[in-house]
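Presented below is the structure to which this report refers.
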Amino acid sequence: MSTRQVAQVVEAVGHTVAARGMCCVFGDPGLGKSVAVEQAVRFLPGRVPVWRAVAGVAPGLPQLRASLCEALGLPAGALTHRAGPAGQALVRALAEPGVLVVDDAQRLTPPLLDYLRQLWDAPGCAAALVLCGAGSERAVARASALRSRVLTWHQVGRLEPSQLLQTLSLFHPVWAQADPDEVARVDEQRAHGNFRTWAKITSHVYAARERDPARQVDGELIEQACARLGPYP
């Protein structure tokens, strides 16, 4: 994520939370959507509760209820298979102003997204909902009732070359000493502005420096780190 892109997500999430609405943050895989949303919620006033849930692979309604209950601090084990009590407990919890972030929301089927819509349509709901994930906009589009309630749609793009080194240094200080031309070359040839790919390269750079702390982050080290990615980073 570039600093500008993070700022845009901060604005989108902040606007949604202030309006107690719904937001969908989407984009291609590996662009740093989850990182940007996490940065965004950190800028919310400290009194605003933030609840985080991750959609599992091919979840059913009991799994979604369990994930929501766990995120909201409710006894998931006791409520997962008790639809009525679980729904009532979730409605009571969501009557408190706050924001629920659901990551990997693209895994949710239309019936599951409609369950979320029903929770937010309950009288007294005061929480905001942020759905995040690669392809989440397509999943939400298939759930027409929820789609019509989305206040903010925000697409996250690739890292911008002009801000690449600044962004990498912000998240990983090791890049502060790197040659900008080398970083630009690697991005053009291998990473292509993908935040996740740069995270993988960074992990290999750190591993090499742990073996030799005096080693500089030069072209040779970066090439060796890229080589460990294999042919398909």
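The values are calculated or read from the model by the stated rules, or taken from the named source; none is laboratory data. Here the structure is a predicted model, which is why all the values come from computation and not from measurement. Here Cβ is always computed from backbone atoms with ideal geometry, including for glycine, and neighbour counts include all displayed protein chains. Ligands, DNA and RNA are stripped out before the accessible areas are found, and what is left, the full protein with its side chains, is counted by its heavy atoms. Shrake-Rupley method; radii C 1.70, N 1.55, O 1.52, S 1.80 Å.
For Arg158, the conditions (1) open to solvent by 50 Å² or more (accessible area, probe 1.4 Å); (2) assigned to a helix (DSSP H, G or I); (3) under 18 Å from Val6 (Cα atoms) all hold with the exception of (2). Within the span defined as the stretch 60-80, every residue fails to be open to solvent by 40 Å² or more (accessible area, probe 1.4 Å), in contact with a helix residue (DSSP H, G or I) (Cβ under 9 Å, 6 or more places away or on another chain), closer than 27 Å to His154 by Cα and part of a loop (DSSP other than H, G, I, E, B). Looking only at residues that are of a type in the set (Phe, Trp, Tyr) and out of contact with any Lys or Arg (no Cβ under 9 Å at 6 or more places or on another chain) in the stretch 1-58, which one is most open to solvent (accessible area, probe 1.4 Å)? Of everything passing the filter in the stretch 1-58, Phe43 is most open to solvent (accessible area, probe 1.4 Å).
The conditions of being in contact with a helix residue (DSSP H, G or I) (Cβ under 6 Å, 6 or more places away or on another chain) and either in a helix (DSSP H, G or I) or within 16 Å of Ser34 (Cα to Cα) (or both) are met by Ser169.
Yes/no matrix, rows are residues, columns are (1) open to solvent by 70 Å² or more (accessible area, probe 1.4 Å); (2) of a type outside the set (Ser, Thr, Tyr):
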| position | (1), (2) |
| --- | --- |
| Leu131 | no, yes |
| Val140 | no, yes |
| Arg149 | yes, yes |
| Ser162 | yes, no |
| Thr167 | no, no |
| Leu170 | yes, yes |
| Pro180 | yes, yes |
| Ala207 | no, yes |
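Residues that are in a helix (DSSP H, G or I), under 17 Å from Val13 (Cβ atoms), among the aliphatic types (A, V, I, L, M) and modelled with pLDDT of 90 or more occur in the stretch 135-145; there is at least one. The lone criterion from (1) assigned to a helix (DSSP H, G or I); (2) at positive phi left unmet by Gly193 is number (1).
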